[in-house]
Amino acid sequence: MIEAPISRHLDVVGAASAGFVEFLMTSTWSKRREADDDICDFVVGNPHDMPLPAYVEVIQRASAPQDPSWFAYQLNEAAPRDAASQSLRERLGIAYESEDVFLTKGASSALVLALSTVLEPGEEVLFQSPPWFFYESMIAFARGVPVRVPVDRATFDLDLAAIAAAITPRTRAVIVNSPNNPTGRIYPPETVRRLAELLMAASQKYGRAIYLVSDEAYNRILFDGRRFASPTAHYPYSFLVYSYAKTLLTPGQRLGYLALAPSMPDRARMRRAVLVAQYNGFGMPDAVLQHALPELERLCIDLALLQRRRDLLVETLRGQGYEVHTPEGAFYLLARSPLADDSMFAEMLAAEDIFVLPGHVVELPGYFRMSLTASDAMVERSLPGFAAALATAGECSGVFGHDR
Ligand code: PMP
């Protein structure tokens with residue numbers, strides 16, 4: 001008899017991480033997404049149109065070596081760091097410095113980097129529910145203890161009182177994601193300012209800093225002329241997490257960064273700690289993407305088009321009888337499932353060749369999530385199918401009658 005140990009983390013990964021992996025491995029979507037061209041695919045933030053031509057040109061240029069060290073080991077190189085910090089200064093009005101930008105393989109590795117830099121085993125990390133799928137497992141893999149804090153279910157805003165109540169002497173970090181996946185909420189400036197006050201008071205009370213990890217993967221995906229207020233403006237113990245996957249809609253090209261707030265105390269020591277953590281698994285982006293970053297900084301997908309798609313879907317689905325939230329930013333529409341069992345309703349949509357993410361996967365049972373990155377053709381094709389699935393659901397009892 002040979003035992004084959006698997007990390008204990010498999011047993012502690014939370015609802016969303018395990019739920020998403022389950023969905024990836026077993027759902028009808030997972031079987032049909034590659035096999036079938038005709039599906040209307042709203043499941044994740046993947047591109048369904050050809051990439052920006054300018055993106056392709058930049059990558060082609062960056063792939064042509066200009067000197068012998070073009071494909072040498074890349075650390076946090078000066079040109080991409082400068083471009084990223086300049087962009088942060090211009091867009092957010094915060095004095096981010098180049099040396100505080102650590103280049104990563106997307107937001108995921110920036111999150112892991114922040115957590116593994118500051119966490120001692122057994123320390124607690126607060127995250128908001130509904131969450132992005134992987135926060136809970138990332139915290140567990142960094143040997144921390146995930147603590148779930150529900151957002152206000154009426155407004156999807158941060159519940160500051162609940163955050164304050166969840167803080168203990170063992171709390172080491174709080175993850176906040178705005179614009180939010182899946183709710184589309186951008187936390188108002190007043191809320192993020194009060195969050196900073198709350199964290200500072202708690203850090204002082206316990207004599208140990210509670211870090212803010214601000215997941216700003218969507219900080220340029222804003223609708224209706226909205227502005228984004230970075231929580232890192234108000235709080236010195238802040239990490240900013242960014243990804244180029246959203247602005248460019250190229251999530252398979254892994255590029256992002258972690259930035260230390262310019263007011264962070266003892267930054268020289270923190271920079272060293274981040275760098276040591278970054279060497280574990282060599283988390284820096286590949287050479288081509290580092291060379292490309294300064295030019296990629298200036299590119300962005302067509303946000304007006306994304307907003308038109310949002311408006312068409314929100315209006316049409318509401319007209320059909322769905323309850324739909326209007327996102328302020330990020331890629332996702334959130335709608336009430338007409339049946340309490342969101343998996344069952346997702347299957348009714350699948351019967352119409354429409355694929356959505358059932359809400360329970362992001363800890364929102366009774367909802368479904370749709371990504372606005374579906375193509376316009378998919379959106380057009382899907383509209384009659386949404387009406388048909390709602391009618392099918394109507395034949396079951398309790399449509400929209402379930403608890404919120
Ligand atoms: N955070 C949030 C809120 C996200 O939605 C995503 C991707 N969907 C990520 C982090 C991970 O981004 P990346 O692909 O750059 O690792």
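Quick check: is even one residue across the stretch 138-153 within 20 Å of ALA261 (Cα to Cα) and buried (at least 17 other Cβ atoms within 10 Å of the Cβ)?
No, that holds for no residue.
For the stretch 186-197, indicate whether the set of residues that are within 15 Å of the chain's Cα centre (by Cα) and among the small types (Gly, Ala, Ser) is non-empty. Lay out the reasoning, then the answer.
Initial filter on the stretch 186-197 (within 15 Å of the chain's Cα centre (by Cα)): 186-187.
Filter once more, keeping what is among the small types (Gly, Ala, Ser): none.
Looking for residues that are within 15 Å of the chain's Cα centre (by Cα) and among the small types (Gly, Ala, Ser), one finds none in the stretch 186-197, hence no.
So ILE39 ticks every box in (1) outside the structural domain of TYR257 (by TED's automatic domain parsing); (2) modelled with pLDDT of 95 or more; (3) of a type in the set (A, V, I, L, M) but one. Which box is left unticked?
Status for ILE39: all satisfied but (2).
Residues ALA340, ALA335, ALA346: which one is assigned to a strand (DSSP E or B), assigned by TED's automatic domain parsing to the domain that holds GLU22 and either closer than 30 Å to VAL56 by Cα or more than 16 Å from the ligand (Cβ to nearest atom) (or both)? Don't jump to the end; show me each part of the working.
Numbers: ALA340 fails: assigned to a strand (DSSP E or B); ALA346 fails: assigned to a strand (DSSP E or B).
Step by step, each of ALA340, ALA335, ALA346 is checked, and only ALA335 is assigned to a strand (DSSP E or B), assigned by TED's automatic domain parsing to the domain that holds GLU22 and either closer than 30 Å to VAL56 by Cα or more than 16 Å from the ligand (Cβ to nearest atom) (or both).
When residues of the stretch 237-271 are filtered for being within 15 Å of the ligand (Cβ to nearest atom), farther than 19 Å from LEU92 by Cα and open to solvent by 10 Å² or more (accessible area, probe 1.4 Å), how many remain?
The qualifying residues number 6.
Name the single residue, out of those in the stretch 81-133 being of a type in the set (Ser, Thr, Tyr) and assigned to a helix (DSSP H, G or I), that is surrounded by the fewest Cβ atoms within 10 Å (Cβ to Cβ).
Checked the stretch 81-133; the qualifying residue surrounded by the fewest Cβ atoms within 10 Å (Cβ to Cβ) is SER98.
Restricting attention to the stretch 47-59, which residues are within 16 Å of the ligand (Cβ to nearest atom) and either open to solvent by 50 Å² or more (accessible area, probe 1.4 Å) or over 25 Å from the mean Cα position of the chain (by Cα) (or both)?
Within the stretch 47-59, PRO47, HIS48, PRO51 meet the criteria.
Could you please tell me which pairs satisfy a Cβ distance under 7 Å, a separation of 6+ or placement on different chains, a first residue in the stretch 106-125 that is more than 21 Å from GLN290 (Cβ to Cβ), and a second residue that is aromatic (Phe, Trp, Tyr) and open to solvent by 10 Å² or more (accessible area, probe 1.4 Å)?
VAL118/TYR211
Filter the stretch 272-294 down to the residues that are surrounded by 18 or more Cβ atoms within 10 Å (Cβ to Cβ) and away from the ligand (no atom under 16 Å from the Cβ), then identify the one that is nearest to HIS48 (Cα to Cα).
Step one: list which residues in the stretch 272-294 are surrounded by 18 or more Cβ atoms within 10 Å (Cβ to Cβ), which gives 274, 277-278, 283-285, 287-294.
Right, trim to away from the ligand (no atom under 16 Å from the Cβ) and you get 274, 277, 287-288, 291, 294.
On the way: VAL274: 35, ALA277: 35, ALA287: 26, VAL288: 24, HIS291: 26, PRO294: 25 Å.
So the residue we want is VAL288.
Quick grid of which residues meet (1) in contact (Cβ under 8 Å) with a residue 40 or more places away in the chain; (2) away from the ligand (no atom under 16 Å from the Cβ):
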| site | (1), (2) |
| --- | --- |
| SER203 | no, yes |
| GLY225 | no, yes |
| THR232 | yes, no |
| TYR235 | yes, yes |
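How about the stretch 360-396: which of its residues are charged (D, E, K, R) and under 27 Å from the mean Cα position of the chain (by Cα)?
GLU363, ARG369, ASP376, GLU380, listed by residue number.
So GLY122 clears everything in (1) within 14 Å of the ligand (Cβ to nearest atom); (2) in the same structural domain as MET284 (by TED's automatic domain parsing); (3) small (Gly, Ala, Ser) except one condition, right? Which one?
Looking at each condition in turn, GLY122 falls short on (1).
Can you tell me which residue is most open to solvent (accessible area, probe 1.4 Å) among those in the stretch 29-45 that are outside any loop (DSSP other than H, G, I, E, B) and closer than 27 Å to ASN180 by Cβ?
SER30
Would you confirm whether any residue within the stretch 212-223 is away from the ligand (no atom under 16 Å from the Cβ) and either open to solvent by 10 Å² or more (accessible area, probe 1.4 Å) or out of contact with any Pro (no Cβ under 8 Å at 6 or more places or on another chain) (or both)?
no
Does ALA62 satisfy being touching a residue at least 40 places away in the same chain (Cβ under 8 Å) and buried (at least 18 other Cβ atoms within 10 Å of the Cβ)?
The answer is yes for ALA62.
The values are calculated or read from the model by the stated rules, or taken from the named source; none is laboratory data. Here the structure is a predicted model, which is why all the values come from computation and not from measurement. All Cβ positions, glycine included, derive from the backbone under ideal geometry; neighbour counts span all protein chains shown. The area values use the complete protein model at the heavy-atom level, side chains included, leaving out ligands, DNA and RNA. Shrake-Rupley method; radii C 1.70, N 1.55, O 1.52, S 1.80 Å.
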